[in-house]
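Structure first, then comments.
No value in this document is a laboratory result; all are computed from the given coordinates. These numbers were taken from a predicted model, which means no experiment stands behind them. All Cβ positions, even for glycine, are placed from backbone atoms using ideal geometry, and neighbour counts span all protein chains on display.
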């Protein structure tokens with residue numbers, strides 16, 4: 001069971017969500033995470049929010065807040081907890097590509113935290129951005145999650161095999177994303193061949209990271225280098241699709257797959 005210790009700084013915002021920080025215990029050590037919870041008795045489904053290569057920043061916290069405002073228990077782990085970006089970036093990105101590594105233990109600790117929550121309905125989804133989108137796709141076939149949303153996440157080379165037993169997938173990609181050209185089509189084709197319930201959309205004119213409002217100096221500098229930019233219309237449409245897709249699959253009437261039980 002994940003150990004749970006809410007930070008003393010937790011507070012309630014104007015929308016009624018409880019915001020704060022937790023420290024979990026995974027099989028590879030401690031992992032910090034940001035939590036946003038909706039007001040009310042529940043039960044609520046849980047959603048794990050996975051960050052880009054830039055780490056757990058204000059942009060990712062805002063995504064978690066948005067998920068909580070939609071009525072989900074949201075938790076965003078810092079996948080760089082044990083070493084920071086300088087030491088963890090490369091190995092974490094490699095883990096996302098290979099589908100194995102310590103980051104998956106950290107993600108699973110978040111899943112356990114959500115399922116153990118007193119207001120949980122037992123269902124858990126994953127939404128990820130960039131690197132986090134790659135993790136979301138890797139999680140899809142584990143049998144532990146009810147739905148995943150990879151946003152401009154790299155599609156694995158052997159996607160059809162990786163996604164053969166996947167949960168439902170809602171994916172969003174930018175038509176002007178030079179780093180992931182063709183990935184939306186590859187994902188769509190793999191999911192069709194695997195018979196997986198899905199909604200994949202590519203947005204013309206949108207770049208990589210089109211759902212993120214980067215505010216830190218490093219991230220905004222990288223936006224200029226990588227030619228990435230926030231696209232409000234595409235981002236709003238992607239969020240509308242994600243939340244509608246999640247609502248149909250994370251309601252309180254069902255239970256988690258047997259394979260998801262520890």
Using the Cα atoms of segment 11-254 to build a convex hull, what is its mean projected area in square nanometres? 12.1
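Which percent, to the nearest 5, of DSSP beta bridges fully inside segment 11-254 are antiparallel?
In segment 11-254, DSSP labels about 40 percent of beta bridges as antiparallel.
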Calculated P(r) of segment 17-82 - Cα pairs past 19 Å, %: 29
Gap in Å between the Cα centre of segment 185-245 and the Cα centre of segment 32-47? 24
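Highest first, please rank the peptides 140-149, 241-250, 120-129 by the mean number of other Cβ atoms sitting within 10 Å of their residues.
Highest-to-lowest ranking by the protection proxy: 120-129, 140-149, 241-250.
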Taking a crude spin-label model, label points 7 Å out from Cα along the C-beta direction, the residue 215 to residue 179 distance in nm is 2.1
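May I ask you to order 209-217, 162-170, 150-158 by the average number of other C-beta atoms within 10 Å around their residues, highest value first?
150-158, 162-170, 209-217
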So residue 193 and residue 224, fully extended at 0.36 nm per residue minus their Cα-Cα distance, gain in nm 7.4 nm
